[in-house]
1. Which of the residues spanning region 190-207 are touching a strand residue (DSSP E or B) at 6+ places or on another chain (Cβ under 6 Å) and within 16 Å of ligand 1 (Cβ to nearest atom)?
2. State yes or no: is S66 in a strand (DSSP E or B), within 16 Å of ligand 1 (Cβ to nearest atom) and not acidic (D, E)?
3. Select from region 75-90 the residues that are assigned to a strand (DSSP E or B) and either at pLDDT below 90 or surrounded by fewer than 21 Cβ atoms within 10 Å (Cβ to Cβ) (or both) and list them in ascending order.
4. Check off (1) in a helix (DSSP H, G or I); (2) within 16 Å of ligand 2 (Cβ to nearest atom) for E49 and give me the number that stays unchecked.
5. Which condition breaks for L154 when tested against (1) over 26 Å from L16 (Cα atoms); (2) more than 11 Å from ligand 1 (Cβ to nearest atom); (3) of a type in the set (A, V, I, L, M)?
6. If I ask for residues that are surrounded by fewer than 18 Cβ atoms within 10 Å (Cβ to Cβ) and aliphatic (A, V, I, L, M), which ones from region 135-177 would you list?
7. Within region 91-125, take every residue that is in contact with a Leu (Cβ under 6 Å, 6 or more places away or on another chain) and of a type in the set (S, T, Y) and give me the one that is surrounded by the fewest Cβ atoms within 10 Å (Cβ to Cβ).
8. Name the one entry in V240, V247, V210, V259 that is β-branched (V, I, T), under 21 Å from Y56 (Cα atoms), surrounded by 18 or more Cβ atoms within 10 Å (Cβ to Cβ) and within 16 Å of ligand 1 (Cβ to nearest atom).
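The values are calculated or read from the model by the stated rules, or taken from the named source; none is laboratory data. In this text the structure is predicted, and so the values were computed from the model without any measurement. Here the Cβ positions follow ideal geometry from the backbone for every residue, glycine too, while neighbour counts run over all protein chains shown.
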Amino acid sequence: MGFVGGMFKIIDTKRLNSQIVSWEVESGEITRHAKPGQFIVLRIDETGERIPLTIYDMDKTKKTISLIFQEVGKSTHKMGRLTTGDSILDLIGPLGHATDTRNFGSVLCVGGGVGSAPLFPIVRALIESGNDVTVVLGFKTADLIILEDRFKELFTRAGKEPKVFVTTDDGSNGTKGLVTDVMKKLMQTQKFDRGFAIGPLIMMKFAVAVFNSFGVPAIVSLNTVMVDGTGMCGGCRCTVGGQTRFVCVDGPEFEGAQVNFDELLARQNRYHRHEQHAMDLHKEHVCRLDR
Ligand code: NAD
Ligand code: FES
């Protein structure tokens, strides 16, 4: 582990679109130890909940990590209001196991929405290991597309033709449809040795089904609710291969074919109701202040 506790300065903030924000944060020792696939848990202040975020990029010279988050609930909306020069209270990491990015041969990497951010360092490492990598990124609409150019840059820097396919649900950019539609087309004409899928649970469930139907083993990265991040509280539990596993210490990556996605989806829906309640209270509070 790199570092626990202290104040961490945000040295750059960028709004990537109406819902997604990127931060570059001073992170001391975390930068020295972090590897693709690993994550941090942050708390912006004493009252903040603990938010797990996969490390999207890092600068070892500046000792910073880059994080990308989506404003989905009360805490992430609060995070979205912080600006360059602000500090956050706690940053713990790197946590979880690093991704296995050895040379598998031909690899298909699939990112859904903000899940494209944790996919980015994995694609970079897979290209560096000499894999023949193809990337499919899916977003609801054109204005929600993130990192397309940065993914393409990974290929051109390695002297390769970019193989990055973008889909939007409404066809406002790239191919109209879901990532799984493009996956099927690609897999009908090319043999892949390994798959990676990161994004919403429902996307990972169906992406894994497509990989399975073509006999391709696939890794998914789970992004469950976390409390302590140390394997003690059980908050991030999931069932993999019939066994209870903890995303924070056993993951975040698992063999997709072994993950019980239906159980995770049912639990996510339960948390969603609580999150909506917290958001409603939060909105009420803001309204009173505005009067
Ligand atoms: P989204 O709902 O906009 O979906 C992104 C894309 O996923 C869609 O455009 C589509 O191509 C695909 N998709 C969605 N439903 C599908 C289905 N039923 N079948 C096939 N493909 C489908 O994504 P979002 O709103 O950006 O949400 C991103 C999610 O990713 C969040 O829920 C977040 O928790 C999760 N996330 C996961 C990780 C991780 O490490 N696993 C990291 C960050 C975010
Ligand atoms: Fe508590 Fe994983 S977050 S066990």
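1. G195, F196, A197, I198, G199, P200, M203, M204, A207
2. Answer is yes for this residue.
3. Kept after step one, since they are assigned to a strand (DSSP E or B), are these residues of region 75-90: 87-88, 90.
S87, D90, listed by residue number.
4. Failing condition for E49: (1).
5. (1)
6. Within region 135-177, A142, A158 meet the criteria.
7. T101
8. V247
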